[in-house]
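Please treat every number below as a calculation from the coordinates, not as lab data. All figures in this text were calculated on a predicted structure; none of them were measured in a lab. So basically every Cβ, Gly included, is an ideal-geometry build from the backbone, and we count neighbours across all protein chains shown.
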């Protein structure tokens, strides 16, 4: 069967992938694999959205993180370069927040929720990472795919 990425219907600026995609509401995250929506998710964030979410809207985001941590595999991709953030080169996105607070929030997510934050450097890199992360999870057999007769997806 074909590998298909599911894109959440609430994702306003979806990535363009090299594989088949479908739009469907996801319980958590912005991207998943068809047939494995409750097992794997990728949450996408621009730097400005990440800063706003983890600093200014942390209480609401905590419930999203708690859903994601129940998945077999989940991560957050940030469309920014951590080195540039720490050197203050993306200050316009930080909205009066120190670079150290942004790093601290990312580390807190990793430690408290066992979710990695992937600093991908750019939207294009984040898109490539997302597709390969989802493909690799299927390829490595980490997910429980539905039987072939029920529309299973394989990488």
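Please compute the length gained on full extension between residue 70 and residue 25, using 0.36 nm multiplied by the number of residues separating them and subtracting their Cα-Cα distance. Mind showing how you got there, number by number?
On the way: separation 45, 0.36 × 45 = 16.20 nm, distance 1.77 nm.
Net length gain for the segment: 14.4 nm.
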- Query: What's the Kirkwood radius of the stretch 4-150 in Å, using all Cα pairs?
  - Reply: 15.7
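Output the antiparallel fraction of DSSP beta bridges having both residues in the chain, as a percent to the nearest 5. Don't jump to the answer; show the numbers that get you there.
Values: 4 of 18 bridges.
Percentage antiparallel, nearest 5: 20.
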- Query: Say R0 is 35 Å: what FRET efficiency, to the nearest 0.05, do residue 139 and residue 62 get from their beta-carbon distance?
  - Reply: 0.65
- In nm, to one decimal, how far is the residue 38 label point from the residue 116 one, both placed 7 Å along Cα→Cβ? 2.6
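Okay, helix-only estimate at 222 nm for the chain: each DSSP H run of n ≥ 4 adds -39500 (n - 2.57), divide by all residues, round to 500 deg cm²/dmol; what do you get?
Details: 6 runs with 57 residues, N = 155.
Computed mean residue ellipticity for the chain: -10500 deg cm²/dmol.
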- With the Cα gyration tensor of the stretch 44-101 in hand, give its eigenvalues times 5 under a square root as the equivalent ellipsoid semi-axes, listed largest first in whole angstrom. 23, 13, 8
